[in-house]
Amino acid sequence: MPLLRILGRKPTQVSNTTNAAEVDAFKDKQGHPSFATEKIVIGEDTPSVYSREVTTTKDPSLNPGALSFEEDAAGGMGRHLGVFSCTMLIVGRIIGTGIFSTPSSILSSVGSVGASLMLWVLGFLLSFCGLFVWLEYGTMFPRSGGEKVYLEAVYKRPKYLATVIFAMNAIVLGFTASGCIIFANNILIAAGHVADRWVVRGIALGVICFVTLLHGLTPKTGVFLMNALSVFKIFLLLFVVISGWVVLSGKTHIKDPQTNFRNAFSGSSRSSNDYATATFKVLNAYAGWSNINYVMNNVKNPVRTLKIAGPLGLGICAVLYMLANVAYFAAATKDEIRKSGVTVAALFFKNVFGTKAERALSVFVALSALGNVITVTFAACRINQELAKEGVPLPFGNKFWASNWPTGKSPLPGLIIHLIPSIIIIIAPPPAIVYPFILDVEGYPQQIFNLFIVVGLFWLRWKKPDAVRPFKGKSCIWCQDPSWLPLSYRAFQFGYHSHYSSWLQPFSVSVSPPDGSSSFTNGILVLVAPFLRPANRVGDTPPLPYYLYCLVGIGIMFLGVVYWAVWRIFLPRIFGYKLVPEKDTLDDGTVVTVFSRKKI
């Protein structure tokens with residue numbers, strides 16, 4: 001029942017000229033937006049309240065950045081993504097290759113089938129709580145950019161500091177390399193060729209260049225292929241699930257398929273460290289539920305669509321993940337899964353269909369990885385474009401990078417920004433050390449941003465209690481009590497590099513008081529924990545020091561502070577000018593902030 005309430009009611013239609021007074025009239029006695037069925041203006045073509053940024057209409061001081069809602073959404077293909085495409089955007093991002101390999105790793109960590117399945121349920125619940133934070137922000141500020149928008153809405157002083165720090169992190173660490181490498185490896189396996197390092201790199205480079213041109217030159221085809229591959233992933237997992245049901249029925253050659261489900265918790269680990277590490281892997285497999293928030297300018301009726309597609313996409317993945325795990329455990333014993341040395345999905349196909357089917361799985365995994373690359377790239381380039389539109393100083397001027405050149409419909413320049421670090425990571429040797437290290441470097445600053453975003457939500461609740469919150473209205477009874485916010489933050493933090501200390505595990509199991517003090521403390525602990533010596537004493541990127549990725553991540557953020565200081569403070573003082581923001585409309589309709597230098 002709560003999930004149905006989260007999805008919201010039928011949108012109420014309002015006119016294009018809805019002003020603050022109309023918004024006030026559209027609120028209930030408790031001061032929240034009322035989504036009753038009374039209509040202000042009736043008409044098929046009039047936009048609904050779900051397609052407008054009602055929050056900043058009532059309180060302009062909350063406007064993130066320099067552009068208004070209408071200016072920020074101008075240009076490009078406009079709003080062309082409906083509920084189906086947005087749901088597939090989440091499904092395509094979440095379902096990559098993790099579900100085909102992670103279950104065996106989790107079983108090895110926790111020791112029992114029952115504990116493994118429970119962690120998949122816990123991972124869904126924690127991810128769903130994390131989704132709550134992004135739903136509230138996304139419905140208040142339905143613009144492309146995700147974290148970039150939310151940081152700007154909360155941390156307005158010093159001006160542009162949050163934007164530049166986020167930009168530095170997004171550009172330097174904005175790459176899609178692992179999916180391209182996985183695609184290359186699996187295609188070579190399916191073809192029966194040796195996966196030579198430079199052959200793999202060549203194929204991976206071809207993949208990222210193909211995806212860049214696909215989205216940059218043929219955006220409609222890119223969306224179609226993205227949706228098609230997401231649907232393919234759903235059917236692939238459904239095939240696994242149905243095959244698992246047949247195995248459980250006992251009508252196949254698999255002997256005693258229910259053996260893993262008798263005494264399912266037998267052999268469970270008693271180490272909190274094992275459970276914390278396994279939960280982190282589960283949360284990685286669920287990562288991607290915030291993907292719609294990065295492309296909101298392309299979404300039809302963005303508020304309503306986000307409230308539907310967000311829970312729906314995550315829910316579809318959770319159900320498929322759980323049932324796929326059941327299928328895996330029906331087709332192989334625990335010892336087989338542990339000793340196989342291959343992904344659990346490969347073992348499943350081999351046991352159920354034979355060795356030829358195992359090779360066919362390599363093609364399926366490659367296509368799943370390709371779909372993930374296409375989905376991630378589609379969202380990442382929109383973030384880069386939003387940063388350029390905000391006036392962040394970039395080489396050759398931010399106008400070019402903010403544009404939809406050359407088609408006028410898709411941000412090829414933003415795709416190029418994403419392409420450059422991806423190429424560097426793909427060809428950077430040695431991969432055995434570089435890839436895990438880069439993933440760690442990418443994750444640590446993101447945890448810092450997550451901490452500031454969740455703290456910022458508390459601040460908005462306290463500072464702006466009367467702000468219009470479409471997700472916090474009567475349509476969601478869970479949101480009346482802010483006590484879920486600490487648990488939401490744990491969705492980001494639980495198990496994050498938790499192999500560093502077994503005491504990280506307990507802070508996931510209870511909901512803190514509404515004051516949020518415990519959540520803030522836990523966030524600090526998680527950010528400090530990676531500096532503690534891990535249980536294996538070397539970390540996961542030897543011979544590099546286990547704490548080095550934290551220092552590099554912090555260093556990249558600090559580089560953003562330096563870049564901001566040079567741009568906003570030192571150069572203006574040295575050369576005697578001040579930066580004056582102006583708005584310019586490009587040929588494709590995109591509105592961009594540019595800064596002129598005025599002598600003082």
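The values are calculated or read from the model by the stated rules, or taken from the named source; none is laboratory data. It should be emphasised that the depicted structure is a prediction, and the values quoted were computed from it without experimental measurement. Cβ sites come from the backbone with ideal geometry, for glycine too, and all protein chains shown count toward neighbours. Just so you know, the surface numbers come from the protein's heavy atoms only, side chains and all, with ligands and any DNA or RNA stripped out. Shrake-Rupley method; radii C 1.70, N 1.55, O 1.52, S 1.80 Å.
Quick notes on this one:
- Residues of the stretch 247-266 that turn out to be touching a Ser or Thr at 6+ places or on another chain (Cβ under 9 Å), open to solvent by less than 70 Å² (accessible area, probe 1.4 Å) and without any contact (Cβ under 8 Å) to a residue 40 or more places away in the chain, as a count: 0
- The listed residue being open to solvent by less than 60 Å² (accessible area, probe 1.4 Å), more than 30 Å from Ile337 (Cα to Cα), modelled with pLDDT under 90 and of a type in the set (Asp, Glu), out of Glu71, Glu22: Glu22
- In the stretch 172-184, residue modelled with the lowest pLDDT [restricted to those that are farther than 15 Å from Ile554 by Cα and part of a helix (DSSP H, G or I)]: Ser178
- Test result for Met118, free of Cβ contacts under 8 Å to residues at least 60 places away in the same chain and more than 22 Å from Ala73 (Cα to Cα): yes
- The stretch 186-205: number of residues that are at pLDDT 90 or above, open to solvent by 20 Å² or more (accessible area, probe 1.4 Å) and over 14 Å from Ile427 (Cβ atoms): 2
Table: residues versus (1) of a type outside the set (S, T, N, Q); (2) closer than 20 Å to Ser368 by Cβ; (3) part of a helix (DSSP H, G or I).
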residue: Ala264; (1), (2), (3): yes, no, no
residue: Gly267; (1), (2), (3): yes, no, no
residue: Leu283; (1), (2), (3): yes, yes, yes
residue: Thr305; (1), (2), (3): no, no, yes
residue: Ile308; (1), (2), (3): yes, no, yes
residue: Leu314; (1), (2), (3): yes, yes, yes
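- Restricting attention to the stretch 190-232, the residues that are over 18 Å from Asn291 (Cα atoms) and in contact with a Lys or Arg (Cβ under 7 Å, 6 or more places away or on another chain) add up to 1.
- The set of residues in the stretch 65-99 being within 30 Å of Phe595 (Cβ to Cβ) and assigned to a loop (DSSP other than H, G, I, E, B) consists of Gly65, Ala66, Leu67, Ser68, Ala73, Ala74, Gly75, Gly76, Met77, Gly78, Arg79.
- Residues within the stretch 198-235 that are outside any helix (DSSP H, G or I) and under 24 Å from Leu312 (Cβ atoms), tallied: 0
- Top-ranked residue in the stretch 285-303 [being small (Gly, Ala, Ser) and part of a loop (DSSP other than H, G, I, E, B); ranked as most open to solvent (accessible area, probe 1.4 Å)]: Ala287
- Of the criteria (1) among the hydroxyl-bearing types (Ser, Thr, Tyr); (2) at pLDDT 95 or above; (3) within 30 Å of Lys583 (Cα to Cα), which one Thr87 fails: (3)
- Here Glu390, Glu386, Glu358 are screened, and the one residue that is of a type in the set (Asp, Glu) and open to solvent by 10 Å² or more (accessible area, probe 1.4 Å) is Glu358.
- Any hit, the stretch 439-452, residues being of a type in the set (A, V, I, L, M) and at pLDDT 85 or above: yes
- Answer residue from the stretch 401-416, given it is among the hydrophobic types (A, V, I, L, M, F, W, C) and touching a Leu at 6+ places or on another chain (Cβ under 8 Å) and is surrounded by the fewest Cβ atoms within 10 Å (Cβ to Cβ) among those: Trp405
- As a summary of the residue check, Ser269 satisfies the conditions (1) open to solvent by 40 Å² or more (accessible area, probe 1.4 Å); (2) over 30 Å from Cys86 (Cβ atoms); (3) out of contact with any Pro (no Cβ under 7 Å at 6 or more places or on another chain) except for the one numbered (1).
- Here Val566 fits the description: of a type in the set (Val, Ile, Thr), loosely packed, with under 15 Cβ neighbours inside 10 Å and at pLDDT 95 or above.
- Check on Ile423, over 19 Å from the mean Cα position of the chain (by Cα) and within 23 Å of Ile182 (Cβ to Cβ): yes
- The stretch 74-108 - residue that is of a type in the set (Val, Ile, Thr) and within 18 Å of the chain's Cα centre (by Cα) and, of those, surrounded by the most Cβ atoms within 10 Å (Cβ to Cβ): Ile95
- Any hit, the stretch 317-329, residues being under 17 Å from the mean Cα position of the chain (by Cα), at pLDDT 95 or above and in a helix (DSSP H, G or I): yes
- The single residue among Gly138, Gly111 that is under 30 Å from Leu370 (Cα atoms) and of a type outside the set (Ser, Thr, Tyr) turns out to be Gly138.
- Test for Val54: is it under 30 Å from Asp466 (Cβ atoms), among the aliphatic types (A, V, I, L, M) and crowded, with 22+ Cβ neighbours inside 10 Å: yes
- Filter pass, Arg157 being open to solvent by 10 Å² or more (accessible area, probe 1.4 Å), farther than 16 Å from Lys389 by Cα, not aromatic (Phe, Trp, Tyr) and not in a helix (DSSP H, G or I): yes
- Residue that is farthest from Ile426 (Cα to Cα), among those in the stretch 210-224 that are of a type in the set (A, V, I, L, M, F, W, C) and open to solvent by 50 Å² or more (accessible area, probe 1.4 Å): Phe224
- The residue of the stretch 547-579 that is nearest to Arg533 (Cα to Cα), among those that are of a type in the set (Gly, Ala, Ser) and in a helix (DSSP H, G or I), is Gly553.
- Condition broken by Ser116, with the remaining ones in (1) assigned to a helix (DSSP H, G or I); (2) open to solvent by 10 Å² or more (accessible area, probe 1.4 Å); (3) over 18 Å from Leu229 (Cα atoms); (4) among the small types (Gly, Ala, Ser) satisfied: (2)
- Some residue of the stretch 172-183 being surrounded by fewer than 23 Cβ atoms within 10 Å (Cβ to Cβ), among the aliphatic types (A, V, I, L, M) and under 16 Å from the mean Cα position of the chain (by Cα): yes
- Hey, Ser144 under 28 Å from Arg568 (Cβ atoms) and either of a type in the set (S, T, N, Q) or within 16 Å of the chain's Cα centre (by Cα) (or both) or not: yes
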